[in-house]
Amino acid sequence: MRLTPGTILCAGGPVSPTHLEVPFATSTKWFGRDAPTTAPSYALTFAIDQDGRAVDIQSSPPIFPGFFIDTTDLAPALAASRFAPGMPQRTCGITYTVAFVPVPDAPLASLYAAASAPVPGPAASEIYERLGADGDCARGPGSPRRLNYPAFEAIAQASGTRSWSFLSFDVDATGRTQNVHVVGSSQNAALDSASVKALRGNRYAPGKASRGCTFHFYRLGNQPIAAPALPADAPKDTDALPACAIDPKTIPSLLNGKAYPGPFAARRIEGYAIIGFDTAPWGAVGNVRVLAAEPAAGFGQAAMEAISQARVVEGDVGHRGCVSRVQFRLPKEKPAE
């Protein structure tokens, strides 16, 4: 599957980004009998802030029964894109058109990219079968004795972006790797070199020799992209009010990071959400709503779902108009020593 971006329009006029990040390559699968006669398209609306960042990203993709279509990286890819600073825009939009290409007909370059995605798509096994068709070991020889990885922290990678290396190798009867070489790449030379070096050091259980094994590595951006600054007029947090103070034990997904929107974590994009809610005297939380979320609606949805399960301390009265500011932050990457 390919997602092709259309022209970006702001207030009806075209706007060119200084960098438009390409969504992660993915795969899709058709579960119906007849393929659609028209290509699906996905529209995103957004604004551009003073720093040239895409913010207030909203999406409402259509539903196509019979298809599994992974478009979860569209908003994160847009959030990782950049526009000229100092030229804010309020009403912008971009439409991506989906092109379906059967695995047997797809260019190898696109299959290498899809196979190297952080999360495999539903057609991953079919892709690996084609990429390893010339050997007897498409997904690896199994029974590893020693696995090596590149020193990712020493490989430069721009925040919000990803590079990948897809490799082929053989394993001899003693379990040593041979003929390691890059067959597909995003052209990060440092990652390619480190990937080959790491794979050459792998060892597997001795036995039958294997030919045409495949493996991939990917490198995510070095540091998180910080969330946009909270506006001065953003609603204030009311957790100092006893009737609004959420019991931390009732929001474990926010505290342990499980509520973090996965597609944005994959690009190391931080965000925030401002959630409004009401409380009842018996501690229940209701009327939960998103008051603001940046850089995309996904952060608001994640925070709203978590706080909908929250409770506050029981009291004599409830409260209307409670506000909770939820910050989604990621650990900074340690520099190479």
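The values are calculated or read from the model by the stated rules, or taken from the named source; none is laboratory data. Not measured: the values here are computed from a predicted model. With ideal geometry, Cβ positions are generated from the backbone for all residues, glycine too; neighbour counts draw on all protein chains shown. Please note that ligands, DNA and RNA were not included when accessible areas were found on the heavy atoms of the full protein model with its side chains. Shrake-Rupley method; radii C 1.70, N 1.55, O 1.52, S 1.80 Å.
Within the range 268-292, which residues are touching a residue at least 40 places away in the same chain (Cβ under 8 Å) and of a type outside the set (Phe, Trp, Tyr)?
The initial filter retains those residues of the range 268-292 that are touching a residue at least 40 places away in the same chain (Cβ under 8 Å), namely 268-279, 291-292.
Of everything in the range 268-292, those that are touching a residue at least 40 places away in the same chain (Cβ under 8 Å) and of a type outside the set (Phe, Trp, Tyr) turn out to be Arg268, Ile269, Glu270, Gly271, Ala273, Ile274, Ile275, Gly276, Asp278, Thr279, Leu291, Ala292.
Residue-by-condition table, conditions (1) in a strand (DSSP E or B); (2) of a type in the set (Val, Ile, Thr); (3) out of contact with any strand residue (DSSP E or B) (no Cβ under 9 Å at 6 or more places or on another chain):
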{"position": "Ser168", "(1), (2), (3)": "yes, no, no"}
{"position": "Asn179", "(1), (2), (3)": "yes, no, no"}
{"position": "Val183", "(1), (2), (3)": "yes, yes, no"}
{"position": "Ala198", "(1), (2), (3)": "no, no, no"}
{"position": "Phe217", "(1), (2), (3)": "yes, no, no"}
> Taking only pairs six or more apart or across chains, which ones have beta-carbon atoms under 6 Å, a first residue in the range 207-231 that is free of Cβ contacts under 8 Å to residues at least 40 places away in the same chain and more than 27 Å from Gly52 (Cα to Cα), and a second residue that is in a loop (DSSP other than H, G, I, E, B) and open to solvent by less than 60 Å² (accessible area, probe 1.4 Å)?
Replying inline: Ala209/Asp172; Ala209/Ala173
> Taking the condition in a strand (DSSP E or B) and at pLDDT 95 or above, does Phe299 pass?
Replying inline: no
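Right, Ile246: aliphatic (A, V, I, L, M), open to solvent by less than 60 Å² (accessible area, probe 1.4 Å) and over 22 Å from the mean Cα position of the chain (by Cα) or not? Show your work before the answer.
Working: aliphatic (A, V, I, L, M): yes; open to solvent by less than 60 Å² (accessible area, probe 1.4 Å): yes; over 22 Å from the mean Cα position of the chain (by Cα): yes.
Taking the combined requirement at face value, the residue satisfies it.
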> Of all the residues that make up the range 140-163, how many are part of a strand (DSSP E or B) and closer than 19 Å to Ser81 by Cα?
Replying inline: 2
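Residues checked against (1) assigned to a loop (DSSP other than H, G, I, E, B); (2) in contact with a Gly (Cβ under 8 Å, 6 or more places away or on another chain); (3) modelled with pLDDT of 90 or more:
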residue	(1), (2), (3)
Leu44	no, yes, yes
Pro65	yes, yes, no
Leu78	no, no, yes
Pro85	yes, yes, yes
Gly121	yes, no, no
Gly135	yes, yes, no
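Would the range 304-311 turn up any residue that is surrounded by fewer than 16 Cβ atoms within 10 Å (Cβ to Cβ) and free of Cβ contacts under 8 Å to residues at least 40 places away in the same chain?
We begin by selecting, within the range 304-311, every residue surrounded by fewer than 16 Cβ atoms within 10 Å (Cβ to Cβ); these are 305, 308-309.
Subset that is free of Cβ contacts under 8 Å to residues at least 40 places away in the same chain: 308.
Yes, there is a match, as at least one residue in the range 304-311 is surrounded by fewer than 16 Cβ atoms within 10 Å (Cβ to Cβ) and free of Cβ contacts under 8 Å to residues at least 40 places away in the same chain.
Going residue by residue through the range 4-12, is there one that turns out to be modelled with pLDDT of 95 or more, of a type in the set (Gly, Ala, Ser) and closer than 16 Å to Thr95 by Cα?
To start, the set of residues in the range 4-12 that are modelled with pLDDT of 95 or more comprises 7-10.
From what's left, of a type in the set (Gly, Ala, Ser): none.
No, every residue in the range 4-12 fails to be modelled with pLDDT of 95 or more, of a type in the set (Gly, Ala, Ser) and closer than 16 Å to Thr95 by Cα.
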